[in-house]
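Report on the structure given below.
The numbers here are math on the coordinates, done by the rules we state, and not lab data. In this text the structure is predicted, and so the values were computed from the model without any measurement. FYI the Cβ positions are ideal-geometry reconstructions off the backbone, even for glycines, and counts take in every protein chain you see.
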């Protein structure tokens, strides 16, 4: 997990589990092993400063990765 510098959202790294019941002849797995989610905590800075979070839906990002961080 990586909180945003302004405190409005969190990047969450979800590890995907490979189903052991699925039998493959291929020894290498080239699919995604992680999924990134954007979890908004506040809609605006005013809401954050007031300490009044509102329920906002999470958004799945179209990229995958591990150990997400925010760039300055």
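Along the Cα-to-Cβ line of residue 14, 7 Å from the Cα, sits a label point; which residues in the stretch 55-72 have backbone N less than 11 Å from it?
Flagged as within label range: 58-61.
Taking neighbour Cβ counts within 10 Å as the exposure measure, how do 33, 44 sort from fewest upward?
Details: 33 13, 44 10.
Final ranking by Cβ density, sparse to dense: 44, 33.
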